[in-house]
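Peer 1: This structure is in structure tokens; I'll ask about it shortly.
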Amino acid sequence: MIKTDILIIGAGPTGLFTVFEAGLLKLKCHLIDALPQPGGQCSELYPKKPIYDIPGLPDILAGDLTQNLLEQGKQFEPGFTLGERAETLEKQEDGSFIVTTNKGTRHHAPIVAIAGGLGSFEPRKPLIDNIAYYEDLGVDYFIKDPEVYRNKKVVISGGGDSALDWSIILADIASEVTLVHRRNEFRGALDSVEKVQELKLLGKINLVTPAEVTALHGTKRLEGVTIAHEDEQILHEADHFIPLFGLSPKLGPIGDWGFEIEKNAIKVDTFDYQTNIPGVYAIGDVNIYPGKLKLILCGFHEATLMCQSAYQIINPGKRYVLKYTTVSGIDGFDGTRKEAPKAVVQAIL
Ligand SMILES: Cc1cc2nc3c(=O)[nH]c(=O)nc-3n(C[C@H](O)[C@H](O)[C@H](O)COP(=O)(O)OP(=O)(O)OC[C@H]3O[C@@H](n4cnc5c(N)ncnc54)[C@H](O)[C@@H]3O)c2cc1C
């Protein structure tokens, strides 16, 4: 049985920042994530894309933000159960909780913070008979590392921002990029559509519309696709087929734990982001309240307030006085100490 103060379900940016805020309050965290790596959407969906709205960081790749959050939390020695999905939540007589994963790992904590984002991601897959056979053998639903496609023949299908953006990015990396969309019009941003048209004229993207990929070929791995274009069936060589039709988020097992659910998200009290089950909080993309914005910075704020409330449950009656890190410094659980600069301390005292 893994024991901790705050058990966090979801190691996305919200869950990772919770480790830091909890650490300042001397509370220890353990995180469970169904994905094999931390970072949530940032590492699974767009690690190489820049984010421009993290306060104080004008421009940071989503993958680098994940690394920074891990670095920031490291001193508080979080535990991780990765590659396992939290399946059940059982309330104990003393008010604490046991959370068990699909692989049977049991975790015990007085506080549970659900930071499960949109839940587990299920890509919308095209209806092609043998597509499952080629998954990880040339068919990819997410692009984690564009370098995988260097000097390869890539067919992308879809009409939204992801399909347009990745076609533009891969045009400089892959040996050939073919963008297939079933309509002549795209749903994505106008400047991306214009950029794709520009790259088409330069011969850097093959644009095939209105068209659809209808069959996949290859013996050991993907070697080609059939593109149905008007009355033609075009057999096209391809090392990779990347259908980007969006993701359908599923709350998964968390949806059966007795929370009040609205629009596939958990309703919370904005005082401290507690759910209708006392001692269980929901923070980040997974929660809903009037005015909710699914943004990373909102998740950070929610995690901070949540930790203060959790502190009161774990330490009943104990008063916590908010301290600036610039004044108090930071004592890591690993024995490290980040000193408060003397000049700042003297100026404030
Ligand atoms: C393409 C794209 C671009 C974006 N750009 C920006 C941007 O520029 N700025 C911005 O602020 N936001 C942006 N976002 C949104 C941002 O990524 C999310 O707001 C953020 O990731 C939410 O963080 P989170 O930690 O709450 O959830 P997530 O990042 O979704 O992480 C949740 C984690 O919980 C795990 N999980 C769920 N259920 C379980 C379970 N039962 N057991 C175990 N693990 C579970 C999931 O596997 C996942 O890893 C973007 C999103 C996308 C898709």
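The values are calculated or read from the model by the stated rules, or taken from the named source; none is laboratory data. Please read these numbers as outputs of a predicted model, since none were measured by experiment. Note that we place each Cβ from the backbone using ideal geometry, even for glycine, and neighbour counts take in every protein chain shown. Note: areas computed on protein heavy atoms with side chains; ligands, DNA, RNA excluded. Shrake-Rupley method; radii C 1.70, N 1.55, O 1.52, S 1.80 Å.
Peer 1: Can you return the lysines within cross-link range of LYS342? Criterion is Cα-Cα under 27 Å, with same-chain partners fewer than 8 residues away left out.
Peer 2: LYS26, LYS74, LYS323
Peer 1: Also, quick follow-up: Give me, ordered by chain and number, the residues 5 or more places off GLU87 or on other chains with an amide H under 5 Å from its own placed amide H.
Peer 2: THR100, THR101, ASN102
Peer 1: Any chance you could give the angle, 0 to 90 degrees and rounded to 10, that helix 190-201 forms with the longest Cα principal axis of the chain?
Peer 2: Between helix and principal axis, roughly 40 degrees.
Peer 1: Tell me the relative contact order for the chain as a rounded percent, counting alpha carbon contacts under 8 Å between residues six or more apart.
Peer 2: 18
Peer 1: Simple spin-label model, 7 Å along Cα-to-Cβ: GLU122 to ARG319 in nm?
Peer 2: Here the modelled spin labels are 5.2 nm apart.
Peer 1: Between THR219 and ASP94, 0.36 nm times their residue separation minus their Cα-Cα distance comes to what?
Peer 2: Result for the pair: 39.2 nm of gain on full extension.
Peer 1: A follow-up question, please. Mind listing the phi-derived Karplus ³J(HN,Hα) values for segment 86-100, rounded to whole Hz, using 6.51, -1.76 and 1.60 with θ = phi - 60°, and x for any glycine or proline?
Peer 2: Ordered by residue, 3J(HN,Hα) equals 5, 9, 10, 10, 10, 7, 8, 4, 7, x, 7, 9, 10, 10, 10 Hz.
Peer 1: Sort the following peptides by mean Cβ neighbour count (other Cβ atoms within 10 Å, averaged over residues), highest first: 72-81, 47-56.
Peer 2: The peptides rank, most packed first, as 72-81, 47-56.
Peer 1: At a 1.4 Å probe, what is the % contribution of carbon and sulfur to the accessible area of segment 125-243?
Peer 2: Roughly 47 percent, rounded to a whole number.
Peer 1: Related question: Just the number please: accessible area per residue for segment 224-279, 1.4 Å probe, all protein chains included, in Å².
Peer 2: Accessible surface, normalised per residue, equals 52 Å².
Peer 1: Starting from the Cα of THR209, step 7 Å along the direction of its Cβ; do the same at LYS338; then give the gap between the two resulting points in nm.
Peer 2: Spacing of the two 7 Å Cα→Cβ label points: 4.7 nm.
Peer 1: Could you bin all the Cα-Cα distances of segment 13-148 into 5 Å bins starting at 0 and give me the percent of pairs in each, rounded to whole numbers?
Peer 2: With 5 Å bins starting at 0, P(r) equals 2, 9, 15, 18, 18, 15, 10, 7, 4, 2, 0.
Peer 1: Would you please put 98-110, 227-239 in order of how densely packed they are, using the mean number of other Cβ atoms within 10 angstrom per residue and starting with the highest?
Peer 2: Ranking the peptides 98-110, 227-239 by packing returns 98-110, 227-239.
Peer 1: For segment 1-145, what does the accessible surface come to per residue with a 1.4 Å probe? Please give it in Å².
Peer 2: Here the residues of segment 1-145 average 44 Å² of exposed surface.
Peer 1: To the nearest 20 debye, what charge dipole does segment 32-162 have about its Cα centre, counting +1 at the Cβ of each Lys and Arg and -1 at the Cβ of each Asp and Glu?
Peer 2: With only Lys, Arg, Asp and Glu charged at Cβ, the dipole is about 340 debye.
Peer 1: Rounded if a/c is under 1.5, else prolate if a/b beats b/c, else oblate: with a ≥ b ≥ c from the C-alpha gyration tensor eigenvalues square-rooted, which is segment 1-79?
Peer 2: oblate
Peer 1: In what sequence, highest mean first, do 210-222, 325-337 appear when ranked by Cβ atoms within 10 angstrom?
Peer 2: Sorting 210-222, 325-337 by mean packing, highest first, produces 210-222, 325-337.
Peer 1: Leaving ligands, DNA and RNA out of it, report the carbon-plus-sulfur percent of the accessible area of segment 255-349 at a 1.4 Å probe.
Peer 2: The computed percentage sits at 58.
Peer 1: Ignoring ligands, DNA and RNA, please state the percent of accessible area on segment 1-107 from carbon and sulfur, probe 1.4 Å.
Peer 2: About 51 percent, which is the carbon plus sulfur part of the accessible surface.
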